[in-house]
Amino acid sequence: MTTREESVRWLLLVVRLPSEPSRHRVAVWRELRKVGALSLGQGVWAVPDVPAFEGGVTRALALTARAGGEAIRLDAAGRDPEDAARFAALFTAAREDDWTEFLADCGKFEEEIAKEIRTAKFTLAELEEEEQSLERLRRWHRDLTARDYFGAALAGPAGERLAHCVAVCEEYAELVFRALHRPGGEEE
């Protein structure tokens, strides 16, 4: 167990919302999931009590208040090193799931560009679409990195995979510009 896992303080949120309309519960759930909060049960969430999570927690509390709900914030820590390690492991497992999903989307991005190359679809419109997809991956990676407090094992491979996606997109951009600048290579 690392010193970080052993010494971390946790912020627990107990959220109660009216059952209707459901959009309020969904909005709070989405905000807490977006920030990387760990769901511990019906309406009970936990995040490491560090500044990286502050903004998302504040937004979730505001959404709860606007919906006429209640939220209670509690400080927590493991009672012993084993409890602290287990809690950190639960949080890290959730981040591993996030990184797995990210890696799958990187694979889809790479497959999409490979398809465009196979079909020789070298247009500026397609390049712009792929660049937007790459920018979405970059934002997602930045967000995941910010909430991966304990450093999940897949974080490193995810960074490498994102770098590969950047290289693949740059290669595709080069092919597009070559196709557009050769004689008769006007964009369709």
Quiz prompt | Those aspartates and glutamates that a straight Cα-Cα span of less than 12 Å connects to Lys108, excepting residues fewer than 8 apart in one chain | solution = Glu130
Quiz item: Given R₀ = 25 Å, FRET efficiency for Arg182-Lys108 by Cβ-Cβ distance, to 0.05?
Solution: 0.25
Quiz item: Between (i) 21.5, 72; (ii) 15.4, 50; (iii) 16.5, 51, which matches Rg and Dmax of the Cα atoms in Å calculated for the structure shown?
Solution: (i)
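Loop only by DSSP, 13 or fewer other Cβ within 10 Å of the Cβ. Give me the GluC sites (Glu not before Pro) in segment 61-97 that pass, ordered by residue number.
On the way: sites: Glu70, Glu82, Glu96; in loops: none.
Those that pass, being in a loop and sparsely packed, number zero.
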Quiz item: What spacing in nm lies between the two simple spin-label points modelled at Glu54 and Ala173, each 7 Å away from Cα in the Cβ direction?
Solution: 3.5 nm
Practice problem: Starting from segment 1-71, pick out the trypsin sites (Lys or Arg not before Pro) whose DSSP state is loop and whose Cβ has at most 13 other Cβ atoms within 10 Å. | Solution: Arg9
Quiz item: Hey, rough spin-label estimate for Glu96 and Arg142, points 7 angstrom out along Cα→Cβ, what's it come to in nanometres?
Solution: 2.8 nm
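Values quoted throughout were computed directly from the atomic coordinates according to the rules given, and no laboratory measurement underlies them. Quick caveat, the model's predicted, so the values are computed rather than measured. Positions of Cβ are backbone-derived with ideal geometry, glycine not excepted, and every protein chain shown enters the neighbour counts.
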